[in-house]
1. Of the residues B:Leu198, B:Leu62, B:Leu254, which exhibits the maximal mean-square fluctuation in a Gaussian network model of chain B defined by a 10 Å Cα contact cut-off?
2. Which whole-angstrom value gives the distance between the alpha carbon centres of the range A:172-238 and the range B:273-319?
3. Quick one: in the protein assembly as shown, what % of C-alpha pairs are over 43 Å apart?
4. By counting other Cβ atoms within 10 Å of each Cβ, how are B:Met337, A:Met97 ranked from fewest to most?
5. Based solely on its DSSP helices, what 222 nm [θ] is calculated for chain B when runs of n ≥ 4 H residues each add -39,500 (n - 2.57) and the sum is averaged over all residues, nearest 500 deg cm²/dmol?
6. Using Cβ contacts closer than 10 Å as the measure, can you line up A:His110, B:His321 from fewest to most?
7. Using helices alone, what [θ] at 222 nm do you get for chain A, with -39,500 (n - 2.57) per DSSP H run of 4 or more residues, divided over all residues and rounded to the nearest 500?
8. Given 4 °C and 1.567 mPa s, how large is the Stokes-Einstein diffusion coefficient of chain B in µm²/s, with Rh as the Kirkwood radius over Cα pairs?
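FYI, it's all coordinate maths here, none of it is from the lab. Here the structure is a predicted model, which is why all the values come from computation and not from measurement. For neighbour counting, all protein chains shown are included, and Cβ atoms are generated from backbone atoms with ideal geometry for every residue, glycine included.
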Amino acid sequence: MVYAGILAAGMGVRMNRQDMPKPFLQLGKKPIIIHTLEQFFISRQVEKIIVVVHEFWKRYAEDMISKHDTMGKDVVVIAGGDNKTASIKMISEHIVMTWGIHDEDILLAHDAVRPFITQRMIDENIDTADRVGAANTVMTTNDTIIVTLNGRTLAEIPPKSTMFAQQTPITFKLNLLNTVFHNISRQGGALETETEIARLFVQQGYEMQLVTGEYSNMKIINPYDLEVAEALLQERMK
Amino acid sequence: MISRVYRLVDTKRIEMVLREVEFEDDVVLTAPDYLSICAADQRYYFGKRSREILKIKLPMALIHEATATVLYDNSGRLKQGSKAVLVPLIEKARTSGIKSNYDPANPYVSSGIDGFIRDYVAVQRNRLIPIEGEYLPIYVFSELLSVAINALEAFDSTRCTDAGTVGIWGDGNMGYITSLALKCLYPDVEIIVVGKTLRKLQRFSFVDRTYTFDEVPNGISIDHAFECVGGSSSETAIKQIFDITMPQGCISLLGVSEEAVPINTRTVLEKGFRIIGNNRSNADDMKKAVSLIRDSDICKKYLTTLISEIVEVKEEKDISHAFEQSSLNDFKTIMKMEI
């Protein structure tokens, strides 16, 4: 079974709109999260979708999704954790409790605020995770990345060819993901401080292969991003 | 639903734009699988239309020959994953006495409105013709074949003499598919094809005779003719057709020319020719084309040899590559959409 976990638990602090988490803001004619979900609704490989939201917004999310055509896909809304890693763990636990776990199970985790995802990215993530265990969507960076150790002075400029920007989906074989979470809890590690699940995964020696994303697979996290996303959907003046 | 539309913005320049796709009750969401590049697309891509036309029509997504996979039909009538041919004509109006593909009120995609180079296409259910079985990529020629069928039907209802020998001018895709439609629908007719390039004429293995235009034997005559040349060579082709077509023959014009083509009206009058213009097709023509491909082994087999190259499209630049290849290939260049 292929599951999609849609990460929508952020409260939109950077959007300066704290009355409304950013996935629920309008983009064009629909909320951002609906645009994102529609790409998973039509996926030929994704069978079930779990949307993780802040607990205060669970009913709202359920209401909103129920007002749109889910194209026959099962969609469940659950309350999420404090960060991306914790939310993915909650999705994983929900799957195991509800449907059990099987060797072939795959989980794609995708930011709700990346509505411009494509079927190619979804398919390549699933195929790659199925083959090697995990996949991470990335893009080359246009900007040169610098390293600073103190936030004031430059320490290093890594070669550009080694630098990529992480996007989502990030995809795992579910049993490997569960093993990673199990190992962390056995070693007394805390998920609350680790926002990057990919780091935990490779730290434990598992392979994660890269899938090429797209520059348009942008994350809408601040008002500028929303304006850019709106502009992308508008007809250009002749 | 957010869709990626790949628009020609200027000569040889394709850019992706994001658009919201609306799908209402009678609309089916599809993803194009195979797209076939036609001469009209090439004229836009390589800037061979007039500057005024390009200014009016661009930016615009090209391609009107396509097959697709059904992603979602909320009526449940078309199953997810089933395959279909997309109909480019949008029938907004039905004017009594006018066939819908000639009604100026009915737009045709990739001619003023976006064509099928997109990741999702939402179409009215009546603009999808289901297909199944083997040879699915060749159904991408349904539109081109339907134009030939449209022309053959017009020819059949107009001609007043027997169709013993029919000449087809043009060794390109339109000439090939018109010859093939004639072969399938009128198996007793003798087919002669006249073209420019011997190499291309050799591909017409199913017709009775082929000639390069400068080697047409003296004294040869035909009952009717189809002109599938287009462009500046139309004039020479039509002159030759007038010379060797028997009196009261029917002459069908299918070749598109950017410039006006002079014809000898005296010959038309003297020989009592009937000249028919043919352009585009409607959903009914396309259903006939799909049936012909499905039911005729000859049609299926000879359509496979119409394919010069299949280009896999995984990113934007592959679309430009496909168009560049199309200018080098003798026959059809198809894009397999994996974008």
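1. B:Leu198
2. 44
3. Tail of the P(r) past 43 Å holds 33 percent of the pairs.
4. Least crowded to most crowded, the residues run A:Met97, B:Met337.
5. Helix contribution divided over all residues of chain B: -8500 deg cm²/dmol.
6. B:His321, A:His110
7. That calculation yields -10500 deg cm²/dmol at 222 nm.
8. 63
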